[in-house]
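The values are calculated or read from the model by the stated rules, or taken from the named source; none is laboratory data. Remember, predicted model here, so these are calculated numbers, not experimental data. Please note: Cβ atoms are built from the backbone with ideal geometry, for glycine as well, and neighbour counts cover all protein chains shown.
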Amino acid sequence: MTVGTLVLLAASSATRAAEEALEVKGNRIQVYGVLRLDAIYTDSAVNNRQVTFWANSEDPRTGAAVNKNDDGFNMHPRLTRFGVNVSRPDIPAISGASLDGKMEFDFQNGGTESRQAVRLRHGFLRVSRGDWKILAGQTADLISPLLPSTNHDAPGWNYGNLGDRRPQLRVSYQPLLLGDVRLQAEVAAVRTGAIDAKDLDADGDLDGDDSGLPMLQARAGIASLWERRIDVGLWGHRGREETSTRIANLSDSHFVTDSLGFDLTFRLPWKSTLLMEGWRGQDLADLRGGVGQNVNATTAREIRSEGGWLEIRHKTTDRLSTFTGAGLDNPRDRDLNDANRTRNQALWLGGAYDLGGGLSVGGDWTSWRTEYRYREEGTANRIGLYAAYQF
């Protein structure tokens, strides 16, 4: 699945609404959304009860109270979302081209727990002509296109799954090769620092912006191989960051973020699907990797990491679907300082039940084990339950 459980809910809602789309000045407008409540229990201290990436260390030397068995509970409506799809079949000045776009919002953006702030998830336009597409705006990263089903607030981030959403300009070429088999060749220039907002020299200028260059992302893939059972891709990125002053009085004021990875979707014959991604790279916090660590401010060197995840999904009945998976993010120990996170791994399982009429309920369990350099590890279990009404 390339857009995650909730995005699929929204997309399917938009499809069902197609017959009721509005026509305004030649534009077809479709409205969709999800009304949702999440309830979350964690049995130990984590970085954040809602947006969970890792378990906190249980070592008293961390300077905080021991986190072992420090449980917590919260509930929130922040994954409620509203979206609009817009399209038109022609562009007068471009023969044979069509135009579409999307705006989508949710509320996972700070504020108080009864005054949640609006967050823009997607906001882009896309021009299509034949096998070519040009996208301009904010949407998901081109690299690491798959999403785990667990932890909808932070799906696999910092424990195996790379990628988020950011402003970008993307060009895609996706011709049919033979039968249903399709080539996928895409490149994008994207905003560096959109996620981690890195400013190592604290001069008020993001280090990615200060480099004067965008991050470049690329992916080459083949879809619908072997009777539409297999999709596979190879992807990577490279970007530069720059500080106005040298870090830690060392020579470097330029840093490189890069990655190389793959994705695989294998549709098994017994109503199951295997999804998998693997990668390695450096300075990956802006891509939700390196367990949230980017550059060692003591040595002024990029932190290298490798990891990935896999998941098996099963359509148990027409209404019930289940999933189980595992993920790992493993930074290089020698790139880290004492008390830094050296390894973060997770196991998960869950499911969803479609009650019909747009109403569904579901839940998942995720278990983290996070290791620290010369400190005690942390372990935590998270149980999330939700109810959602998609329209």
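Enumerate the pairs (first residue in segment 140-151 and within 10 Å of residue 364 (Cβ to Cβ); second residue anywhere and assigned to a loop (DSSP other than H, G, I, E, B)) with beta-carbon separation below 7 Å, excluding pairs fewer than 6 apart on the same chain, so at least 6 apart or on different chains.
148/155; 148/156; 151/52
Give me a count of the residues in segment 100-130 that are touching a strand residue (DSSP E or B) at 6+ places or on another chain (Cβ under 7 Å), among the polar types (S, T, N, Q) and either in a strand (DSSP E or B) or more than 20 Å from residue 164 (Cβ to Cβ) (or both).
1
Looking only at segment 305-312, decide whether some residue is more than 20 Å from the chain's Cα centre (by Cα) and under 23 Å from residue 42 (Cβ atoms).
no
For a quick check of your reading of the model, give me the residue pairs whose first member lies in segment 159-176 and is in contact (Cβ under 8 Å) with a residue 24 or more places away in the chain and within 30 Å of residue 341 (Cα to Cα), whose second is among the aliphatic types (A, V, I, L, M) and assigned to a strand (DSSP E or B), with beta-carbon atoms closer than 7 Å and at least 6 apart or on different chains.
Note: pairs meeting the criteria are 159/328; 159/346; 160/328; 163/140; 165/140; 166/190; 167/190.
Of all residues in segment 234-260, count the ones that are in contact (Cβ under 8 Å) with a residue 40 or more places away in the chain and either assigned to a helix (DSSP H, G or I) or over 30 Å from residue 301 (Cβ atoms) (or both).
Summing the residues that are in contact (Cβ under 8 Å) with a residue 40 or more places away in the chain and either assigned to a helix (DSSP H, G or I) or over 30 Å from residue 301 (Cβ atoms) (or both) in segment 234-260 gives 2.
For segment 261-292, how many residues meet the condition of being surrounded by fewer than 23 Cβ atoms within 10 Å (Cβ to Cβ) and not in a strand (DSSP E or B)?
Residues meeting the conditions: 5.
Looking at residue 223 and the list (1) among the hydrophobic types (A, V, I, L, M, F, W, C); (2) at pLDDT 95 or above; (3) under 30 Å from residue 370 (Cα atoms), which single condition is not satisfied?
(3)
For segment 293-303, how many residues are free of Cβ contacts under 8 Å to residues at least 60 places away in the same chain, assigned to a strand (DSSP E or B) and closer than 21 Å to residue 56 by Cα?
Total meeting the criteria: 1.
Tell me, which residue of segment 167-215 that is more than 30 Å from residue 245 (Cβ to Cβ) and basic (Lys, Arg) is surrounded by the fewest Cβ atoms within 10 Å (Cβ to Cβ)?
182
Would you please list the contacts, defined by Cβ atoms under 7 Å and residues six or more apart or on different chains, that run from a residue in segment 331-351 that is at negative phi and in contact (Cβ under 8 Å) with a residue 24 or more places away in the chain to a residue that is acidic (Asp, Glu) and assigned to a helix (DSSP H, G or I)?
So the pair list comes out as 342/333.
Cβ-Cβ under 6 Å, sequence separation 6+ or interchain: first residue in segment 86-111 and of a type in the set (Asp, Glu) and modelled with pLDDT of 95 or more, partner in a strand (DSSP E or B) and surrounded by 15 or more Cβ atoms within 10 Å (Cβ to Cβ). Which pairs?
What qualifies is 100/87; 100/126; 104/83; 104/121; 104/122; 106/81; 106/119; 106/121.
Taking segment 246-299 only, how many residues are of a type outside the set (S, T, N, Q), over 19 Å from residue 211 (Cα atoms) and touching a His at 6+ places or on another chain (Cβ under 7 Å)?
1
Checking residue 254 against (1) buried (at least 18 other Cβ atoms within 10 Å of the Cβ); (2) closer than 24 Å to residue 216 by Cα; (3) in contact with an Asp or Glu (Cβ under 6 Å, 6 or more places away or on another chain), which single condition isn't satisfied?
The one condition residue 254 does not meet is (1).
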